[in-house]
Every structure is written in C-alpha cells, then in structure tokens.
1. Checking the condition at pLDDT below 95, surrounded by 13 or more Cβ atoms within 10 Å (Cβ to Cβ) and under 30 Å from residue 39 (Cα atoms), which residue from 59, 118 passes?
2. Could you check how many residues of segment 38-52 are at pLDDT below 90, open to solvent by less than 50 Å² (accessible area, probe 1.4 Å) and part of a loop (DSSP other than H, G, I, E, B)?
3. Can you tell me which residues in segment 93-102 are touching a Pro at 6+ places or on another chain (Cβ under 8 Å) and either open to solvent by 60 Å² or more (accessible area, probe 1.4 Å) or not charged (D, E, K, R) (or both)?
4. Does residue 90 satisfy the criteria of being open to solvent by less than 30 Å² (accessible area, probe 1.4 Å) and either modelled with pLDDT under 95 or within 24 Å of residue 138 (Cβ to Cβ) (or both)?
5. Considering only segment 67-87, state which residues are open to solvent by 40 Å² or more (accessible area, probe 1.4 Å) and either in a helix (DSSP H, G or I) or closer than 26 Å to residue 41 by Cβ (or both).
6. Out of segment 79-136, which residues are touching a Leu at 6+ places or on another chain (Cβ under 7 Å) and charged (D, E, K, R)?
7. Going by the conditions given, is residue 108 open to solvent by 50 Å² or more (accessible area, probe 1.4 Å) and modelled with pLDDT of 95 or more?
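The values are calculated or read from the model by the stated rules, or taken from the named source; none is laboratory data. Treat the numbers as computed from the prediction; the structure is a model and nothing was measured. No Cβ is skipped: glycine too gets one built from the backbone with ideal geometry, and neighbour counts run over all protein chains shown. Each accessible area value is taken on the protein alone, full model and side chains, heavy atoms only, with ligands, DNA and RNA left out. Shrake-Rupley method; radii C 1.70, N 1.55, O 1.52, S 1.80 Å.
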Amino acid sequence: MTRIAVGALLFVGVVCVDAWAAEPGSPVVSTSLAAGGDDHTLACYYFPNYHVDPRNEAWHGKGWTEWELVKQAGPRFEGHQQPKVPAWGYTDEADPKQMAQKIDAAANAGIDVFIFDWYYYNDGLFLERGLERGFMPAANASRMKFAPCGPTTTGRTSIPNARTRRRCSCPG
C-alpha cells in the first residue's frame, strides 16, 4: 500500500523563510520519512503567485507579485530581522530555469509532488503560469509529479493590497 503524506506548507515559503540561512546551491529543506521504506509519497502544497500575472497587475499595478509582500515585511518582535532577501533572489517561477532550481531542491530533499493552486474565474485562469510556463517545460520536470488543486471560493477573493495595506475583495 502506498501512503501519501501531504505537507501543508508552502514550498516557495520554505525557500523564502529558510533560504536566507542557506548558502546558494545548498539544500534548502531537509526531510526524513518515518521508517517504512519507499511506500510513501511526500507532496508539498505550492502557492504560485511569484510571477507576473495580468490579473494581479490589474488589481495591484504593473509587475506586482507576491514578492512585494515579502519585500514589505517588517519586524514583529524584538530581534526579528525583516525584511530578508531570499538567497536565490526574487525568482520568477514562470521561468523554467528558475523553477528547475526549485524542483531540484525539493526532489533532493525527498519531496515527490508539488500540488499547485489552480484558480479559474469567470474570465479565465489565474496563477497558472508557475505550472504551465515554469514547471511543465522545466528540463528536470520529470523528477517530480504535480497535481492541480482547485480551491473552493465563493466568487469573491480577499487578497492583500500592498499599496494600501488593506485587504481588497475582488470579484471572482
């Protein structure tokens, strides 16, 4: 029997949070599965908002990505050093070469599957480019499996607005 372990973590977030302490080119995450051999599949949730998307540009302005929120991070307690710059820089996950780096890091750490958020609004897809333009054409994409995850929404999406620092409710 195959067991599936789904890590409810954001791989990009792991790169953002943990990569600052890592040297460029070194593994960013490490994982070990409980004894049981290779009858496990480790899946990792991937939120693909680290590339330019026309819908985000309409909502937030030209060139906006989730990286803008990372850049605006502020300290939340004494000694908390923010913002940080990721060791790999502000990568574009829609670039197959940059996605290949993430695939290698994840596969080398034992992650078998990326589960990509996949949105469809009344007027079309949203945030599909990380999977379609980054992951699928990456030279090493065969190292990992993938699955789309269609989040359930109510027709309106509440997202952070980096310019006003308020959440906006955008029609879906």
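1. Values: 59 fails: under 30 Å from residue 39 (Cα atoms).
After ruling out the rest, the residue left standing is 118.
2. 1
3. Our first condition is that a residue be touching a Pro at 6+ places or on another chain (Cβ under 8 Å); within segment 93-102, this holds for 93, 96.
Correct list: 96 only.
4. On the way: open to solvent by less than 30 Å² (accessible area, probe 1.4 Å): no; either modelled with pLDDT under 95 or within 24 Å of residue 138 (Cβ to Cβ) (or both): yes.
No: the conditions fail for residue 90.
5. 68, 69, 71 - these are the residues of segment 67-87 that are open to solvent by 40 Å² or more (accessible area, probe 1.4 Å) and either in a helix (DSSP H, G or I) or closer than 26 Å to residue 41 by Cβ (or both).
6. Result: 112, 117.
7. Details: open to solvent by 50 Å² or more (accessible area, probe 1.4 Å): yes; modelled with pLDDT of 95 or more: yes.
The answer is yes for residue 108.
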